[in-house]
Amino acid sequence: MRTDSEEMDPTMAHEPGAPLRVALLGCGVVGSAVARQLVDHADDLAARVGAPLQLVGIAVRRPQRPRPDVPVDPTLFTADADGLVERADIVIEVIGGIDPARELILRAMAHGASVVSANKALLAEDGPTLYAAADAADVDLYYEAAVAGAIPILRPIRESLAGDDVRRVLGIVNGTTNFVLDRMDTSGAGFAETVEQAQALGYAEADPTADVEGFDAAAKAAILASLAFHTRVSSGDVYREGITEVTAGDIQAARDMDCVVKLLAICERVTGPDGGDAVSVRVHPAMIPRSHPLASVRDAFNAVFVEASAAGPLMFYGRGAGGDPTASAVLGDVVAVARHRVAGGRGPGESAYADLPVVEMGRSRTRYHISLDVADRPGVLAQVATAFAAHDVSIETVRQQAAPGEGERAKLIVVTHAASDAALAATVDALAELESVDDVASVLRVEGA
């Protein structure tokens, strides 16, 4: 028999045939699905790992609450999360948020447990603390489920593309916003109406702020950029715009250009102020051509488009949320870390050797679609063109439309060539100051063309 101290020493080889003790923190939609899959597929999981996975407890706020959809012994439910993580070999954290998740993960690692987490917010805010704790304890920290649900994207970037040079990651990583924008495109409905529909279908929370304002996508973008560019990127480094200002008119303008509007997470290598490589990470709505692979991502699905030097373009597509899809990613990580425990080793940890600077949004290069309400008289187009030229922004196309019901007003649609975001923003400010411009009605970035 092993002593208590030996049981908590992750550097020792696992005793052949002994079960691995699994603790589950949280039993909401994802946690319930994880528990069901641990029970329903126990034999297959044991065969794949090389040892049984024994669920030793589920930490919840109200242990006595009936949970008929979770097929486990009711005595496994406990409010003592601290004690639970201290007696586990593997801890699965699906409670979300910063605290107490951070303290519980650190406690678990200090007692020799490997950790599988779906906590994008915590990893994006304080990943380095968790990576350091995992290194100090010589345990695994895996988090595939933190980005894009069931889609295997983090491990391919971290491991399969480890020998390549990732240049850009472009993704739809929030299902709620994709559903809203897709329905606005296909039905012509407005933003508020479509959000209500998403809430009725269970795609959006009662308070959808984290989704529609881009916070959720920004956390995921930080994780993707950190892995892709071997650089520590936090959610505070990510430029963020949500979709609350996207109107039915913007959707129609995109349709007129044979484009769709998507909320994109964009992580890319750019040229830094010193002329060397740097990293730009941003989340915002943008028009993309309907011919682009991401344009066909419908409803609440997610997709991530990766561009690597040798591998070229790669596309990862699937369900980005939901109990069973996310549980699939969690269990994939559980099997991986369990195999490491059986073999007496651990998987790859953080790779931040590149330590590239993360630059401000203004250095990113993009194209703009700008809709202006202007006076319909000679010389207006020349004034508008001068404003663009003054900030070294080249115009690609200009289209003028008569304003409905107003003989002396017109709508001017300008699409630019790629320029720095700072130059484009300064141009928009200058346009708003022109006497001939009544309103800068709409501004959207254009990507993927």
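FYI, it's all coordinate maths here, none of it is from the lab. All values reported here derive from a predicted model rather than from experimental measurement. Note that each Cβ is placed from the backbone with ideal geometry, even for glycine, and that neighbours are counted across all protein chains shown.
With 0.36 nm allotted per residue and the present C-alpha distance subtracted, the Asp44-Arg409 stretch has 124.5 nm of extension available.
Scoring 419-430, 237-248, 222-233, 276-287 by mean Cβ neighbours within 10 Å over their residues and listing the highest first yields 222-233, 276-287, 237-248, 419-430. Over the chain, the hull volume per residue, using the convex hull of the C-alpha atoms, is 146 Å³. Protection proxy ranking, highest mean first, for peptides 324-331, 122-129, 173-180: 173-180, 324-331, 122-129, where packing is the per-residue count of other beta-carbon atoms within 10 Å, averaged. Once the chain from Glu193 to Thr271 is taken as fully extended at 0.36 nm per residue, the excess over their C-alpha distance is 23.9 nm. Count Lys and Arg as plus one, Asp and Glu as minus one, and take only other residues whose Cβ is under 11 Å from that of Pro74; the net charge is then +1. Stokes-Einstein diffusion of the range 364-446 at 10 °C, 1.306 mPa s viscosity, Kirkwood radius from Cα pairs, rounded to a whole number: 126 µm²/s. Extension gain for Asp82 to Thr386 (0.36 nm times residue separation, less C-alpha to C-alpha distance): 103.0 nm.
In this simple spin-label model, placing a label point 7 Å from the Cα along the Cα-to-Cβ direction at both Glu15 and Asp135 gives a separation of 3.3 nm. Reducing the range 143-169 and the range 307-364 to their Cα centroids gives an inter-centroid distance of 4 Å.
Where does the range 74-209 land on the Kirkwood hydrodynamic radius, alpha-carbon pairs, in angstrom? Value: 17.5 Å, from the Cα pair sum.
Rounded to the nearest whole Å³, what is the per residue volume of the convex hull around the Cα atoms of the range 228-336?
174
Normalising by residue count, the range 299-369 has a Cα convex hull of 194 Å³ per residue.
In this structure, Arg298 and Ala200 have a Cβ-Cβ separation that, at R0 = 25 Å, corresponds to a calculated FRET efficiency of about 0.90. For Lys120, list the lysines whose Cα falls under 17 Å from its own Cα; do not include residues on the same chain fewer than 8 positions away. Of all the lysines, those that pass the test against Lys120 - Cα under 17 Å, at least 8 places apart if same chain - are Lys220. Placing pseudo-labels 7 Å out from each Cα toward the beta carbon at Asp324 and Val29 gives an inter-label distance of 1.4 nm. Over the chain, what is the percentage of antiparallel beta bridges among all DSSP beta bridges, to the nearest 5? Bridges in the chain that DSSP calls antiparallel: roughly 70 percent.
What value does the range 159-317 have for Rg/Rh, both radii from Cα atoms and Rh as Kirkwood defines it? Don't skip to the end; give the middle numbers.
Working: Rg = 16.0 Å, Rh = 16.1 Å.
Using only Cα positions, Rg/Rh for the range 159-317 is 0.99.
Which peptide among 66-76, 369-379 comes first, and what is the full order, when sorted by highest mean count of other Cβ atoms within 10 Å?
In descending order of packing, they fall as 369-379, 66-76.
Given contacts defined as C-alpha pairs under 8 Å and at least six residues apart, what's the relative contact order of the chain, whole-number percent? Relative contact order, the chain: 16 percent.
Neighbour counts of other Cβ atoms within 10 Å put Val304, Val195 in the fewest-to-most order Val195, Val304.
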